[in-house]
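Throughout, read-outs are computed from the coordinates displayed, never taken from laboratory work. Please read all numbers here as calculations on a predicted model, not as lab measurements. Virtual Cβ from ideal backbone geometry, glycine too; neighbours counted across all protein chains shown.
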Number of protein chains: 2
Amino acid sequence: MSIQQDKIPEATLQRLPVYLYRLQTLQADGVGRVSSRTLAAQLRINSSRLRQDFHHFGGFSRPGQTYEVSHLVERLREILALGAPVHYVIAGAGYLGQAIAAYPRFGEDGFRLAGIFDINPKLIGLRFRGVAVQDIELLPELVGRLGVKLGVITTSPEAAQGVAELMVRAGITGIWNFAPVGLQVPEAVTLQDEFLSAGLMALHYRMQEGERGPEHRR
Amino acid sequence: MSIQQDKIPEATLQRLPVYLYRLQTLQADGVGRVSSRTLAAQLRINSSRLRQDFHHFGGFSRPGQTYEVSHLVERLREILALGAPVHYVIAGAGYLGQAIAAYPRFGEDGFRLAGIFDINPKLIGLRFRGVAVQDIELLPELVGRLGVKLGVITTSPEAAQGVAELMVRAGITGIWNFAPVGLQVPEAVTLQDEFLSAGLMALHYRMQEGERGPEHRR
């Protein structure tokens, strides 16, 4: 990439996919141009925060002015490195693994399910998104052959560490972990924990806060 | 609550459940006391950030000193308003709804599934965590009767807005939305979007970042 890119702060990074999704929806609806104020109002966030977020890649530099939706979508996809399809594997074909495999947005956003694995013989052979569940022992061969770098762990907490080690040995460099357990991985591996309870607790906390005071947070 | 409570920043709020989970694990392992340094090392986060987070409720005020694990757990649960069981309902009994219903941590963390609803006759009657899927039309009656305040939406994007309106009319005041769509709800309702694609995109972005430079982020 020729453009010098600032390191994007964590909070901004979390919001970029939401902007991308909204802009793609506008694009699908045939909207050609949009202002930061309009986009912020639709997403119900502060418009100066939105402009600050877009500042990292030169979008919405002037308040009030409209920008081409297709250009913003393109820049966001470029920033998020979503130019070429990204392959990923899932370990753990239980409810959550099935839900991830079936989540429609991943495909639309350029992520391709390369394989789904489990140890349970009852699950092996079942198909999700046209991909059959295979024995976890076959994960390294597939990951190596296709050069997959991204692995999702939706196993039990007890199995997660062993699976993470198997993935790392196979060449996986980024792990999205849904098992509520702290994993040990080498420094060079990017680990992202998705702790669903945290989401539910945060919402519950905000609801109490809403009852306590007049100020409302989203 | 008699203790004057600061407003907890968003980023801290996201980390509290992770601390709680780790401390509960220590408790289950029979560990009586812990220092901020040890806990931070186990979670691989900066220990001064951890102390800053705990500062909101008076834990870990002195670096190096150990604190009673059971006391920290109790304070965290108090802050997160997890004293009494919290009931919730799920609308949408597809893969994701089933995964949420079956996620083991919610039960352990004090959240109780009061009902799960769908419009698909094939799903109605199936049982998850001992709770049978019911027709979505029966949601208002159950929510009203049990005084449920928390609703999870795992329907299709197309159905989500209608379901949100049904929930709000029934008395739900907090919505955890997994459908990748912007919902319109009254100001008094707390809305939390869980956009799974955002997690995958953030991980993918960080992996590229790891390849670009020597600095590594988690």
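Before moving on, here are some points about what is shown:
- Loop-resident trypsin sites (Lys or Arg not before Pro) (DSSP state other than H, G, I, E or B) in segment B:14-55 with no more than 10 further Cβ atoms inside 10 Å of their Cβ are absent.
- Shown here is the pair-distance distribution of chain B: with all Cα-Cα distances grouped in 10 Å bins from zero up to the longest one, the shares run 7, 26, 29, 25, 12, 1 percent.
- Counting only DSSP beta bridges with both residues in the protein assembly as shown, the antiparallel share comes to about 20 percent.
- Between the residues B:Leu139, B:Val89, A:Val185, the greatest Cα displacement towards the positive end of the dipole of the protein assembly as shown, with unit charges on the Cβ of Lys, Arg, Asp and Glu, is found for A:Val185.
- For A:Val73, B:Val69, order by how many other beta-carbon atoms lie within 10 Å, fewest first: A:Val73, B:Val69
- Cβ-to-Cβ counts within 10 Å put A:Glu158, B:Glu10 in ascending order as A:Glu158, B:Glu10, the fewest first.
- Chain B - percent relative contact order, Cα under 8 Å, separation 6 or more: 12 percent
- Take every DSSP beta bridge whose two residues both sit in chain B; close to 20 percent of them are antiparallel.
- Kyte-Doolittle at least 0.0, axis length at least 18 Å by Cα - qualifying DSSP helices, chain B: B:157-170
- Hull volume per residue, based on the alpha-carbon atoms of segment B:1-126 and their convex hull, is 136 Å³.
- Based on the reciprocal of the average 1/r between different C-alpha atoms, the Kirkwood radius for segment B:10-79 equals 11.8 Å.
- Charge dipole magnitude, Cβ of K and R +1, D and E -1 - segment B:10-79, Cα centre, debye nearest 20: 240 debye
- Of all DSSP bridge pairs formed entirely within segment A:86-197, close to 10 percent run antiparallel.
- Cα centre as origin, Lys/Arg/Asp/Glu Cβ charges: chain B dipole, Debye: 820 debye
- About the centre of its Cα atoms, the protein assembly as shown shows a dipole size close to 620 debye [charges on the beta carbon of Lys, Arg (+1) and Asp, Glu (-1) only; nearest 20 debye].
- Three-way shape call for the protein assembly as shown based on the alpha-carbon gyration tensor, with the a/c threshold at 1.5: rounded
- Taking a ≥ b ≥ c as the square roots of the eigenvalues of the alpha-carbon gyration tensor, segment B:134-195 is classed oblate because a/c is 1.5 or more while a/b is no larger than b/c.
- The helix-based estimate of mean residue ellipticity at 222 nm for chain B, built from -39,500 (n - 2.57) per DSSP H run of four or more residues and divided by its residue count, is -13500 deg cm²/dmol to the nearest 500.
- Amide hydrogen proximity for A:Arg33: with H placed 1.01 Å from N in the peptide plane, the residues at 5 or more positions away or on another chain lying under 5 Å are A:Val69.
- Segment B:99-174 - Rg (one decimal) and Dmax (whole number), Cα, Å: 12.1, 32
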